[in-house]
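Single-structure report; data block below.
Please treat every number below as a calculation from the coordinates, not as lab data. For clarity, every value in this text was computed on a predicted model and none was experimentally measured. Because the Cβ atoms are built from the backbone with ideal geometry, glycine has one as well, and the counts that use them run over all protein chains shown.
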Amino acid sequence: MTQSIEEIFIDYIASSLPLFSQQQSAYRFQCPYCQSSGKNSKGKSYAPSDAKGYLYSYGNAWNYKCHKCGEHQSFEKFLEEQFPILHFEYVRLRDQLGTTGFQTNCPSLETLLKKRGMLSVQPPEFRPEKFHQSLRRPAAPPASCSAGAAPTAPKVTKLPPMRSPQQQAGQQSRLNHLVKQREHRRRLRDGW
């Protein structure tokens with residue numbers, strides 16, 4: 001009987017999963033989400049029978065389920081969260097077999113690399129002449145330009161970053177006060 005890719009990876013990660021044991025139709029181990037401390041609520045170490053994490057096969061798919069915290073996900077997601085380096089290898093092998101992509105439980109290698117930011121849509125372009133031009137300082141504008149130059153843009157004041165509703169309210173009240181003052185000056189100028 002040949003092993004599936006998932007079973008090969010389960011054999012590989014078995015030494016990293018505490019209280020790992022093979023059951024009749026599943027693999028059982030300590031849940032990395034709720035039993036990661038290695039001790040129960042009374043401070044005692046978990047016994048092998050207390051391990052509640054399971055990797056099991058359902059149809060052609062492998063899944064993870066914890067019978068204590070209720071965490072459940074596909075084997076691919078479990079690998080992605082718990083063993084990110086092995087996850088790349090898993091997706092690469094599945095991609096070679098053509099079992100990734102649309103309507104499978106595994107992304108294609110290209111999709112994974114784009115998701116991780118390792119593969120951009122456009123290939124990077126290296127042009128040494130542009131790189132060296134950016135290192136040069138721009139020349140100062142001639143003195144004749146500044147005398148009859150076009151008007152400069154008005155100065156824009158940026159608001160400070162706001163971190164809490166109280167700070168936002170304080171900033172807004174300051175702005176409201178400035179608007180009121182401006183309206184008051186306009187009324188006085190117009191003779192109201």
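Quick grid of which residues meet (1) over 24 Å from Ser15 (Cα atoms); (2) acidic (Asp, Glu):
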residue: Lys52; (1), (2): no, no
residue: Tyr64; (1), (2): no, no
residue: Gly70; (1), (2): no, no
residue: Phe75; (1), (2): no, no
residue: Glu80; (1), (2): no, yes
residue: Phe83; (1), (2): no, no
residue: Phe102; (1), (2): yes, no
residue: Leu112; (1), (2): yes, no
residue: Met118; (1), (2): yes, no
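Please go through segment 67-95 and give me each residue that is polar (S, T, N, Q) and in contact (Cβ under 8 Å) with a residue 12 or more places away in the chain, ordered by number.
Once the filter is applied, which keeps residues that are polar (S, T, N, Q) and in contact (Cβ under 8 Å) with a residue 12 or more places away in the chain, segment 67-95 yields Ser74, Gln82.
Which numbered condition in (1) under 20 Å from the mean Cα position of the chain (by Cα); (2) within 16 Å of Ser4 (Cα to Cα) is the only one that Lys115 fails?
Failed condition: (2).
Give the residues of segment 48-81 that are more than 25 Å from the chain's Cα centre (by Cα) and more than 17 Å from Ser25 (Cβ to Cβ), sorted by residue number.
Pro48, Ser49, Asp50, Lys68
If I go through segment 1-34 residue by residue, how many of them are more than 18 Å from Lys77 (Cβ to Cβ) and touching a strand residue (DSSP E or B) at 6+ places or on another chain (Cβ under 7 Å)?
Result for segment 1-34: 7.
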